[in-house]
Amino acid sequence: MKTNAYPSKYAAPIGLYTVGKTRFKWYNLAEDPAEVLLQDIQSAKICIENSAENFQDTDDLGFVILHQCGEHYLLLVCTWRSENELWESVYYNGSGTFEIWDRNKTHLPTYCVWEMGIVYHESQAWKKHLGTFREESDKKDYLDNFFEGEV
């Protein structure tokens, strides 16, 4: 049985995105990141700003991956909670607006092969950050360290 080949995708850093006290690095992930529409980015930002996670009041660092999957998107919102574990909320816009992706299962998907390129970079950048005194200049170094490229 032959299956279709999966094309490569491209991770494009968009910049920093701040929600209250939480600062995120933003990545668009797509076959062609130029096709990620501004209105879809805005819809994703509204989702994060109104999230039950209340990023407004949490002093945290992390990253966002807006992953174009065909006509829809997965929105991965990841924070470090100032520790060594990555915390994640996943949203899906299959209904036209971003909604939490209910993954209440024993064995569930985590990151796809394209997302893992970004996650690997971020884990290495965070590991480096954990070895610092975590002063504001160290946080800036982490936030300035983006990944860009084919995954």
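Things to note:
- Rounded accessible area of Val19 (nearest 10 Å², 1.4 Å probe): 0 Å²
- Rounded Å value of the spacing that divides the Cα centres of the stretch 38-96 and the stretch 97-113: 13 Å
- With all protein chains in place and ligands, DNA and RNA left out, the 1.4 Å accessible area ranks Ser8, Ser89, Ser95 as Ser95, Ser8, Ser89, largest first.
- Straight-line cross-link partners of Lys21 among the aspartates and glutamates, defined as a Cα under 15 Å from its Cα and at least 8 positions apart when in the same chain: Glu49, Glu53, Asp57, Asp59, Asp60, Glu136.
- Derived scalar couplings ³J(HN,Hα) [the stretch 104-120; Karplus, 6.51 cos²θ - 1.76 cosθ + 1.60; whole Hz; x for Gly, Pro]: 6, 9, 6, 10, 9, x, 10, 10, 7, 4, 6, 5, 5, x, 5, 4, 4
- Take every pair of alpha-carbon atoms less than 8 Å apart whose residues are at least six positions apart; their mean separation over the length of the chain yields a relative contact order of 23 percent.
- Rounded to the nearest 500, the 222 nm mean residue ellipticity of the chain from helices alone is -8000 deg cm²/dmol, with -39,500 (n - 2.57) taken per DSSP H run of at least 4 residues.
- Value of relative contact order over the stretch 16-96, rounded to a whole percent, pairs C-alpha under 8 Å and six or more apart: 29 percent
- Computed magnitude of the charge dipole of the chain (debye, nearest 20; Cβ of K, R +1, Cβ of D, E -1): 280 debye
- Distance violations [Cα-Cα > 20 Å] among Lys25/Lys128; Lys105/Lys127; Lys45/Lys127: Lys105/Lys127; Lys45/Lys127
- Alpha-carbon spread of the stretch 1-131, three principal axes, descending order, Å: 48, 35, 32
- Rounded to 5, the percent of DSSP beta bridges in the chain classed as antiparallel: 75 percent
The values are calculated or read from the model by the stated rules, or taken from the named source; none is laboratory data. Please read all numbers here as calculations on a predicted model, not as lab measurements. When we count neighbours, we look across all protein chains shown, and the Cβ atoms used for this are built from the backbone with ideal geometry, even at glycine. Just the protein is used for accessible areas: all its heavy atoms, side chains included, with ligands, DNA and RNA removed. Shrake-Rupley method; radii C 1.70, N 1.55, O 1.52, S 1.80 Å.
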